[in-house]
1. Output wanted: per-residue J couplings in Hz (rounded whole) for segment 97-102, from phi through Karplus 6.51 cos²θ - 1.76 cosθ + 1.60, θ = phi - 60°, x for Gly and Pro.
2. Explain nothing, just compute: Karplus ³J(HN,Hα) = 6.51 cos²θ - 1.76 cosθ + 1.60, θ = phi - 60°, for every residue of segment 370-382 in order, whole Hz, x for Gly and Pro.
3. Using label points projected 7 Å from each Cα along Cα→Cβ, tell me how many nm separate residue 148 and residue 322, to one decimal.
4. Taking 0.36 nm per residue of sequence separation and subtracting the Cα-Cα distance, how much length would be gained by fully extending the chain between residue 293 and residue 206, in nm to one decimal?
5. Taking amide H positions as placed 1.01 Å from N in the peptide plane, with prolines and chain starts having none, which residues 5 or more places from residue 411, or on another chain, fall under 5 Å of its amide H?
6. By its C-alpha gyration tensor, with a ≥ b ≥ c as the square roots of the eigenvalues, how is segment 109-152 shaped: rounded for a/c under 1.5, else prolate for a/b larger than b/c, else oblate?
7. Rounded, prolate or oblate, given the Cα gyration tensor of segment 91-166, with a/c below 1.5 counting as rounded?
8. Starting from the residue with the highest accessible area, list 195, 369, 340 in decreasing order, probe 1.4 Å.
Amino acid sequence: MTILLGCIADDFTGATDLAGMLVKAGMRTVQLIGVPQEPAVADVDDGIDAVVVALKSRTAPVGEAVSESLDALRWLQQAGARQYYFKYCSTFDSTPRGNIGPVAEALLDALGSRFTIACPAFPANGRTIYKGHLFVGDLLLSDSGMRDHPVTPMSDANLVRVLQAQAKGRVGLVDHADVQKGEGAIRSRFQALESAGFRFAVVDALSDADLLNIGAACAGLPLVTAGSGLALGLPQAFRRAGLLAESGAADALPPTGGLRAVISGSCSIATQGQVARMRETHPAFRVDPFELACGGDVVGAALDWAASRMDKGPVLVYATAAPEEVKAVQAQLGAAQAGSLIETALAEIARGLLELGVGQLIVAGGETSGAVVKALGITGLRIGPEIDPGVPWTVAISKSSNGRPVALALKSGNFGTRDFFIKAWRFLQPSD
């Protein structure tokens, strides 16, 4: 297998987000769950332009995140990738130690490269960068809901400062005055920063047009680091070089059937609204972390409840809660224990739902999605049509235990409109 773009994503929904953007731009894309153990994947055919390796490294210890990312890089190098892409969240969320900076520097070192960019902008979802500051809609990142994130709260919107605290190399800025002049001016700024000894450049971006120009300017960089938005620009660079043909069927998926369900573990503001909207019209079961901690059979109760309702339409199983509820749970159980209990329970529920006949499943939350795909034994996903910006439908490469293809929508907590859980089903081609 030879691919154009080899991508390493630091969580599962982020990987799906990136893969969906690449498909939207005409690159036939497969997402792999974890680093493959073989140098090639038997279930992946030769008609693939990009591979995204999904890790669960965003909140892992720094050394573990670096090691896993380097393993992914080596596999992608064996697959013949021409360029590499380290993908993180569009809110740049991380701890003061990393893992964005340490992973990016380790990848640069492994590739023998001196310079790369950092650009988490995704204007379609309200993430823009101006003068190095990240905005969520009209708010600075530090004034948005991310300031209350239970694991990676973001209290500083200045990305140059945030990345510099994590990186050994110097961090500079390509501001919008240069970006709006186009590809040539951006590339010249890259060259000037690299010559001055900078290893990273945070790049301003306010629109998709900016991302297209930035992507074109990155054509010569062995490694780019970004959110999924930059995926708009890179395919055009490959196409301009004669390496990528126009493809009208990059998002084609096999038809799927089966029952429908939603599992939500994210506590983001967007997901809270989506849960509230679905609860207005559909059956919903709440997973109580205190009952889990007391040893209650929450998984069995959830599956019994779902079994009697799914034949009438989609059902929702959720642990989503408001920030004050999350803090109360963490205060009593501890953040790590609470998160582990909920992830494990939701993953077991997902496995039980498939055994009950679910063939189309939406999962909300990066950590939850990672736990679910691991529990289901899924090793890869074919990427299909976009539901909302950054969230495509996918179909597992390997079939479920009942021999039927399984459709999954793995949604980042912050993404999607309020009616996401309601409207998503119409984007799938049903089986006969």
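The values are calculated or read from the model by the stated rules, or taken from the named source; none is laboratory data. Because the structure is a prediction, the values reported are computed rather than measured. Please note: Cβ atoms are built from the backbone with ideal geometry, for glycine as well, and neighbour counts cover all protein chains shown. Just so you know, the surface numbers come from the protein's heavy atoms only, side chains and all, with ligands and any DNA or RNA stripped out. Shrake-Rupley method; radii C 1.70, N 1.55, O 1.52, S 1.80 Å.
1. 8, x, 9, 5, x, x
2. Each residue's phi maps through the Karplus curve to give x, 5, 5, 5, 5, 5, 7, x, 7, 9, x, 9, 8 Hz.
3. 0.8 nm
4. Taking 0.36 nm per residue and subtracting the Cα distance, the gain is 26.8 nm.
5. Correct list: 363, 364, 365.
6. Prolate shape, in that a/c is at least 1.5 and a/b is the bigger ratio.
7. Prolate shape, in that a/c is at least 1.5 and a/b is the bigger ratio.
8. Numbers: 195 105, 369 0, 340 65 Å².
In descending accessible area the options line up as 195, 340, 369.
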